[in-house]
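The next block holds one structure in the form of structure tokens; read it before the comments.
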Amino acid sequence: MVAAIFAVSLVLSQGARAEEEKRGAVTNLPVPRYVSMKTSEGNVRRGPSLTHRVDWVFKRRDMPLQITAEYGHWRKVQDREGAGGWVHYALLSGARTVLVEKDMMPVYDRPDTNSQIAAHFELGVVARLGSCTADWCRITAGGYRGWALKSNLWGVDTDEIRD
């Protein structure tokens, strides 16, 4: 009986440790996490160094990206479609943005579908991310600000709460 309890507690503590280990080896920040492109152009390389081949170029300032790994000054990132590679950290910003995933997405004055619609955002719009509740995020783009359903946005986790 004592051995069974010890085994269960060992498994639980290893699970908790695994959660703690999901941090970047370089920054000690959570991995995966979202960031945005600081520049309007950024080379995406096959590996984490200048000697690795450039596979393509991200060409959208403020585009949200997800960091999935770290190595020295390099971050492995992916976009909404899962395309990615290694980008130098100087090309990335901690400023949070999101990508609108629904065409003509309503943006509300308050986090309530019965509130007044402040604007409609087109599919693919990049917006600055503000606070988030369980289901809603406050976003800003093109001079418009309001609340959008989190399920219509890429660049924020479904369980993420932001103040």
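A dipole drawn for the chain from +1 and -1 charges on Cβ atoms has a positive end, and of Leu123, Ser40, Leu50 the residue lying farthest that way is Leu50. Taken about its Cα centre, the chain carries a charge dipole of roughly 580 debye when the Cβ of each Lys and Arg holds +1 and the Cβ of each Asp and Glu holds -1. Apply the a/c threshold of 1.5 to the C-alpha gyration tensor of segment 98-154 and tell me whether it is rounded, prolate or oblate. The shape class here is rounded.
Each label point was placed 7 Å from the Cα along the Cα-to-Cβ direction; for Arg61 and Asp159 their separation is 3.6 nm.
Using a cutoff of 8 angstrom between alpha carbon atoms and counting only pairs six or more residues apart, the relative contact order for the chain works out to 17 percent. Packing here is the average count of other Cβ atoms within 10 Å per residue, and on that basis the peptides 69-80, 50-61, highest first, run 69-80, 50-61.
What percent does the relative contact order of segment 98-154 come to when contacts are Cα pairs within less than 8 Å and at least six residues apart? Relative contact order here is 39 percent. For segment 70-143, the residue among Ala95, Thr113, Ala134 whose Cα projects farthest onto the positive side of the dipole built from Cβ charges is Ala95. Using R0 = 45 Å, the C-beta based FRET efficiency linking His52 and Thr133 works out to 0.65.
Pairs of lysine residues in the chain that meet both criteria, 8 or more places apart or on different chains and Cα atoms under 17 Å apart, total 5. If you take Rg/Rh (Cα atoms, Kirkwood Rh) from the coordinates, which of (i) 0.93; (ii) 1.12; (iii) 1.09 do you get? Entry (iii).
Laboratory data are not the source of any read-out in this text; all were calculated from the coordinates shown. Given the structure is predicted, the values throughout are model-derived calculations rather than measurements. No Cβ is skipped: glycine too gets one built from the backbone with ideal geometry, and neighbour counts run over all protein chains shown.
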